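S.K.: Just passing along the structure, written as structure tokens.
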Amino acid sequence: QVQVVESGGGLVQPGGSLRLSCTVSGTIFMSSSMGWYRQAPGKQRELVATITSAEITNYSDSVEGRFTISRGNAKNMVSLQMNSLKPYKPAVYSCNSHIFSRDFWGQGTQVTVPS
């Protein structure tokens, strides 16, 4: 059974930093593509950043240059370092593990950056 667990959310002031972590079990982590997505109330879930098994990264335009996604295969972990945070509606950041055409999601962790 695949389990995806996020941690690290919270309240941070504009301009601040926050680091999210996601651990995965029950799958071949090193072969998985991983991603972070976020969803605010009333909005569709949107891609934040992804990283392939070959560590090729992709970012949404809104976070490019401020966020960094990384993975540690030895610990089955993917992280999202968020710097220079901008005001944003409270959003749930969810971790996604994609392997063999299947997607596995965690419960998410909330991030709030008040205006």
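S.K.: May I ask you to evaluate 6.51 cos²θ - 1.76 cosθ + 1.60, the Karplus curve with θ = phi - 60°, for each residue of segment 71-81 and list the ³J(HN,Hα) values in order in whole Hz, giving x for glycine and proline?
M.R.: So the J values, rounded to whole Hz, are 9, x, 5, 5, 10, 6, 10, 10, 10, 10, 8.
S.K.: When only Cα pairs under 8 Å and 6 or more residues apart are kept, what is the percent relative contact order across the chain?
M.R.: Averaging sequence separation for qualifying contacts and normalising by length gives 36 percent for the chain.
S.K.: At a 1.4 Å probe radius, carbon and sulfur cover how many percent of the accessible area of the chain?
M.R.: Ligands and nucleic acids excluded, carbon and sulfur reach 48 percent.
S.K.: While we're here: Suppose all protein chains stay in the model; what accessible area per residue would a 1.4 Å probe give for segment 1-45, in Å²?
M.R.: 55
S.K.: OK, next. Please report the antiparallel percentage of DSSP beta bridges with both residues in the chain, rounded to the nearest 5.
M.R.: 95
S.K.: Which far-off residues, 5 or more places away or on another chain, put their amide H under 5 Å from the one on Val48, with H placed in the peptide plane?
M.R.: Trp36, Tyr37, Arg38
S.K.: Let me ask something additional. Per 5 Å bin, what is the whole-percent P(r) computed from every C-alpha pair distance within the chain?
M.R.: 2, 13, 24, 26, 19, 10, 5, 1, 0
S.K.: Can you give me the long-range amide H partners of Leu85? Hydrogens built in the peptide plane at 1.01 Å from N, cutoff under 5 Å, separation of 5 or more residues or another chain.
M.R.: Gly15, Gly16
S.K.: Mind listing the long-range amide H neighbours of Gly108? Cut-off is under 5 Å, sequence gap 5 or more, other chains count too, H placed in the peptide plane at 1.01 Å from N.
M.R.: Here Glu6, Cys95 satisfy the definition.
S.K.: Rolling a 1.4 angstrom probe over the protein chains, ignoring ligands and nucleic acids, what is the accessible area of Thr27 in square angstrom, nearest 10?
M.R.: 40
The values are calculated or read from the model by the stated rules, or taken from the named source; none is laboratory data. Not measured: the values here are computed from a predicted model. Quick note on the areas: whole protein, heavy atoms, side chains included, nothing else; ligands and nucleic acids left out. Shrake-Rupley method; radii C 1.70, N 1.55, O 1.52, S 1.80 Å.
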